[in-house]
Amino acid sequence: MPDQSMDALVLLGPNEYEIQSTGIPTPAPREVLCKVHSVAICGTDKEIISGNFLKRGWPPGYPYTPGHEWSGEVVALGDDAEGFGFTVGDRVAGTAHSGCGYCRMCTIGRYTLCENYGHEERNHRHYGHYSTGALRQFHNSSIKSVFAIPDSMTLEQAALVDASSIALHAVKRGQVMPGDTVAIVGPGAQGLLAAQCAAQLGAARVIVVGRGPRLDTAAALGAIVVDNSQVDGPQAVRDLTDGKGAHMTVDTAARGTSTRDAIEMTRKGGRVALIGVPLEAAELPLSRIVIEEMDLFGVRANPGTCEEVIPLISAGKIDVNIVTTHRFPLRDFGLAYETFTQRTDGALKVLVQPNA
């Protein structure tokens, strides 16, 4: 059990942060304390840091430490953690959600919709959102939110388990079937991971719609690419599918017209999964959704899919290395955050390594 102080990223207000020295937490019952190896910055972090999600209670106030896509090594156990198979030295991938375990949503496996959300006194946690996150040298987490990784997986790869498992949950929600054509709106890291997950579930063709050099990465993964800065995205997808549209579409952007575009490029009776969290209301073609019996699926994180995606990453079926582009020590968080938000040098997933 480490007994020295540690460094942590601390938000002081919207777009205001600094590295502070603070005490190392003690793991509570059924928690593990981990030495954090890597934390991946994601689009939600950007909105939390900028203050755009304050109305959601993310963060609940200031000062606050974010970060929810992480990996590390167990260094101390809370009471009862050993009884659940955890030992010091375990290498783990960490995620954001820990449901109360008792409400209806938790007991049917949909713990990301826990009815006790926001109540830590009822054993709920949402790390990096309203519960303390992992952008610090040591992070205490519920044993429900960490997953052991095999020796064949690196800790850098493990930091992408959270994002990859969300992508897998999205295409499972969208009911991808063998032979389907799947369209992905947005060639960012989440879109590239969703494209790979769709292929693993049997999609015959994956079409990635977006713009910029990220499309080159999509093409390298075997996707058909549509540059919607040059052509109309929905029309291009219909042209590639004999005028019918994709069987299933994933909107990873949730910005501008992306959600409407996702619906417009989907065929009759098709399915649309929505990963991105919108900041504003979207105008949708409701008449078409009704008349053509289309299904829309909201996607809330990754219930039950971490243990499914870890073997896929470990076996090389899902390539997370191709979306991991930059690494920075915690002291350079400002540069890491700028690199991510400005997409510097083709940035996709940017890792912050607190103990580097």
In the stretch 132-150, the residues that are surrounded by fewer than 23 Cβ atoms within 10 Å (Cβ to Cβ) and part of a strand (DSSP E or B): Asn140, Phe147, Ala148
Test for Trp70: is it touching a residue at least 60 places away in the same chain (Cβ under 8 Å), under 29 Å from Tyr337 (Cα atoms), aromatic (Phe, Trp, Tyr) and surrounded by 22 or more Cβ atoms within 10 Å (Cβ to Cβ): yes
Qualifying residue in the stretch 240-259 (condition: more than 18 Å from the chain's Cα centre (by Cα), assigned to a helix (DSSP H, G or I) and farther than 24 Å from Trp70 by Cα): yes
Test: residue in the stretch 267-282 that is without any contact (Cβ under 8 Å) to a residue 60 or more places away in the chain, farther than 23 Å from His129 by Cβ and out of contact with any strand residue (DSSP E or B) (no Cβ under 9 Å at 6 or more places or on another chain): yes
Within the stretch 333-348, considering residues that are touching a strand residue (DSSP E or B) at 6+ places or on another chain (Cβ under 7 Å) and either charged (D, E, K, R) or not in a loop (DSSP other than H, G, I, E, B) (or both), the one surrounded by the most Cβ atoms within 10 Å (Cβ to Cβ): Phe340
Residue ID - farthest from Thr112 (Cα to Cα), chosen from residues in the stretch 285-305 that are of a type in the set (A, V, I, L, M) and in a loop (DSSP other than H, G, I, E, B): Met294
Residues that are surrounded by 18 or more Cβ atoms within 10 Å (Cβ to Cβ) and either closer than 18 Å to Glu31 by Cβ or touching a Ser or Thr at 6+ places or on another chain (Cβ under 6 Å) (or both), drawn from the stretch 101-115: Cys106, Tyr111, Cys114
Which numbered condition Thr154 fails, given (1) more than 12 Å from the chain's Cα centre (by Cα); (2) touching a residue at least 12 places away in the same chain (Cβ under 8 Å): (2)
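For every residue, the table says whether it meets (1) of a type in the set (Val, Ile, Thr); (2) in contact with a His (Cβ under 7 Å, 6 or more places away or on another chain).
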residue	(1), (2)
Thr112	yes, yes
Gly128	no, yes
Thr132	yes, no
Arg136	no, no
Ser141	no, no
Ile149	yes, no
Ala158	no, no
Ala163	no, no
Matching residues in the stretch 229-260 - criterion: being surrounded by fewer than 23 Cβ atoms within 10 Å (Cβ to Cβ) and charged (D, E, K, R): Asp232, Arg238, Asp239, Asp242, Lys244, Arg255, Arg260
Qualifying residue in the stretch 188-197 (condition: assigned by TED's automatic domain parsing to the domain that holds Glu292, closer than 29 Å to Thr305 by Cα, surrounded by fewer than 18 Cβ atoms within 10 Å (Cβ to Cβ) and in contact (Cβ under 8 Å) with a residue 12 or more places away in the chain): no
Any pair with Cβ under 6 angstrom, 6 or more apart, that starts in the stretch 33-46 at a residue that is assigned to a strand (DSSP E or B) and ends at one that is buried (at least 23 other Cβ atoms within 10 Å of the Cβ) and hydroxyl-bearing (Ser, Thr, Tyr): His37/Ser71; Ser38/Ser71
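The values are calculated or read from the model by the stated rules, or taken from the named source; none is laboratory data. Since this is a predicted model, take the numbers as computed values, not measurements. Quick reminder, even Gly has a Cβ in these numbers, built from the backbone with ideal geometry, and neighbours come from all protein chains shown.
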